[in-house]
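The values are calculated or read from the model by the stated rules, or taken from the named source; none is laboratory data. What you are looking at is a predicted structure, and each value in this text was computed from that prediction instead of being measured. Cβ coordinates were reconstructed from backbone atoms using ideal geometry, including for glycine residues, and neighbour counts include every protein chain displayed.
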Amino acid sequence: MSEKMTKTITSIFMVPTLKIGRDTLKDNGFINAYIKDKMNPEKHEDCIFLLFHPESPSKFRKFLNLEYDRTNAIIEDYDYPHGFVVVVYKLDPKFENDFLLIRQSKYSKTSPLFQTQFPKKVELEIKGEMRKEFSLQYRIFNKTQDLLDFWSKENLFTYETGQEIWHNFSVDREVLTEIVLQKIFWDMATDSGN
């Protein structure tokens, strides 16, 4: 399967369990989530690290204050140069086995309760039109034919019975490092220059 993927598996399968709305994340400059931050000396177990680059620090602070009021899952938040902010969330222990299965790339083997944490359908803009489509997670959990067809059409994947139909979890792609942060900053600077 292709190694090109912009969102981490942590973002796709762990962030939604935090129950922060997709629009709220987007409006506050959410970039990606990671299972570890190598630049932070604190060792947090069973946590994920959400990376933000907020356009408005005051708006982001309001969001963060509301998050601290809404949930006790936030462990800490801290800043990096160039306006980046990391918010550390403790994962829900009731999904511990499911998170382990995600890390083993066994997406379709996760529990029904875990799978209900994700919407079956999401509203997407396709060619200027808003449409309801099956969510990516639903397609992965259920190994839908349209996702199989997509991989096959792109010549990225040959399905064998029982196989998962998403990228394998790779710790290297799920860790925030100085190099990753520099690349994100470079990509943002390059995009804003166009």
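List of remarks:
- Test: residue in the stretch 30-46 that is in contact with a Gly (Cβ under 8 Å, 6 or more places away or on another chain) and of a type outside the set (Phe, Trp, Tyr): no
Conditions tested, residue by residue: (1) free of Cβ contacts under 8 Å to residues at least 24 places away in the same chain; (2) over 15 Å from the mean Cα position of the chain (by Cα); (3) part of a helix (DSSP H, G or I).
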residue: Tyr89; (1), (2), (3): no, no, no
residue: Glu96; (1), (2), (3): no, yes, yes
residue: Phe99; (1), (2), (3): no, no, yes
residue: Glu125; (1), (2), (3): yes, yes, no
residue: Met130; (1), (2), (3): yes, yes, no
residue: Gly162; (1), (2), (3): yes, yes, no
residue: Gln182; (1), (2), (3): yes, yes, yes
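Conditions tested, residue by residue: (1) part of a strand (DSSP E or B); (2) modelled with pLDDT of 95 or more; (3) surrounded by fewer than 18 Cβ atoms within 10 Å (Cβ to Cβ).
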site	(1), (2), (3)
Thr10	no, yes, no
Leu25	no, yes, no
Ala33	yes, yes, no
Asn40	no, no, yes
His44	no, no, yes
Phe49	yes, yes, no
Phe60	no, yes, no
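- Failed condition for Leu64, given (1) under 18 Å from Val175 (Cβ atoms); (2) surrounded by 15 or more Cβ atoms within 10 Å (Cβ to Cβ): (1)
- Of all residues in the stretch 108-128, those satisfying the criterion of being in contact with a helix residue (DSSP H, G or I) (Cβ under 6 Å, 6 or more places away or on another chain) and of a type in the set (S, T, N, Q) are Ser108, Thr110, Ser111, Gln115, Gln117.
- Applying the condition of being under 17 Å from Ile35 (Cα atoms) and loosely packed, with under 15 Cβ neighbours inside 10 Å to the stretch 147-194 and asking which residue is modelled with the lowest pLDDT yields Asn168.
- So Phe141, is it outside any strand (DSSP E or B) and closer than 30 Å to Tyr68 by Cα: no
- From His53, His82, residue being on the phi > 0 side of the Ramachandran plot and not basic (Lys, Arg): His82
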